[in-house]
Amino acid sequence: MRLNYMKTIKTVNFKLRSVATALLLSFVLGLFGNAAQVLAHGGEDHGEAKPKTETTDKGTVLHTTRVGDLEVMLKHERLTPDAGNAARLFVTRFETNEAMSDVAPAIEIESANGAVTQATVEKTGTPGSFTVKIPPLTEGTYLMRAKLTHGGETDTATFSGVEIARQEVAIETGSSWTQTGLIAVLFIIALALFGGLAYFAVRVFNNKPLGEETVSA
């Protein structure tokens, strides 16, 4: 009878410790999963309907559109006024994502007052990829057109709302410090949780089950 009672107590203690370990482990994994999503995605929209213009966390601006059978993407860093800027143009077939090697693009930039400026477009060693040199422009919002000549016809991709503005370095620096502090806090919390989990595991595997000494006496 006494042996059966001891076995029952040991079984109950083991089950309670197993449940506690599982709950603690689930909490740690959940914390890491949520932190990874916050730090990695930064609120990006990964749905099927992507916007025509989006800016990544690193400040890269992507303009994308479809023109007939073509998909056009213009990629550049934030454009600064009164200085030359560089961009990349990519032209592919929409259905197959095949690079267009026989397309001849030309890019023009129109200001709010209707003035049109031509950009310089040059081929790269990669089919369907071109470098774009944007001449110095004043601060403002522009309309950019990419005229694509291929197969004896010309299609025009239009990107509106292209911003040329001075960058606020102080705001970006503050944001960087905030993100760094958040990472440090999460790292400290993670270390504390792992330390607690390790301590709990040692207690589970090395200590005697609760109630054993009382029953033996």
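Data table
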quantity: Verdict on Leu89 being assigned to a strand (DSSP E or B), modelled with pLDDT under 95 and more than 13 Å from Thr149 (Cβ to Cβ); calculated: no
quantity: Test: Lys147 is in contact (Cβ under 8 Å) with a residue 24 or more places away in the chain, part of a strand (DSSP E or B) and more than 22 Å from Thr60 (Cβ to Cβ); calculated: yes
quantity: Selection status of Ser160, out of contact with any Asp or Glu (no Cβ under 9 Å at 6 or more places or on another chain), in the same structural domain as Arg88 (by TED's automatic domain parsing) and either loosely packed, with under 12 Cβ neighbours inside 10 Å or modelled with pLDDT of 70 or more (or both); calculated: yes
quantity: Among (1) at pLDDT 60 or above; (2) closer than 20 Å to Phe159 by Cβ, the one test that Ala49 misses; calculated: (1)
quantity: So Tyr142, is it among the aromatic types (Phe, Trp, Tyr), over 27 Å from the mean Cα position of the chain (by Cα) and either at pLDDT 75 or above or over 24 Å from Asp69 (Cβ atoms) (or both); calculated: no
quantity: Condition check for Phe194: modelled with pLDDT under 75 and out of contact with any helix residue (DSSP H, G or I) (no Cβ under 6 Å at 6 or more places or on another chain); calculated: yes
quantity: Exclusive hit being in a helix (DSSP H, G or I), out of contact with any Asp or Glu (no Cβ under 7 Å at 6 or more places or on another chain) and modelled with pLDDT under 90, set Gln179, Gln167; calculated: Gln179
quantity: Which listed residue, of Glu122, Glu110, is surrounded by fewer than 15 Cβ atoms within 10 Å (Cβ to Cβ) and either touching a residue at least 40 places away in the same chain (Cβ under 8 Å) or more than 15 Å from Met73 (Cα to Cα) (or both); calculated: Glu122
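The values are calculated or read from the model by the stated rules, or taken from the named source; none is laboratory data. Note that the structure is predicted; figures quoted are calculated from it, not measured. Here Cβ is always computed from backbone atoms with ideal geometry, including for glycine, and neighbour counts include all displayed protein chains.
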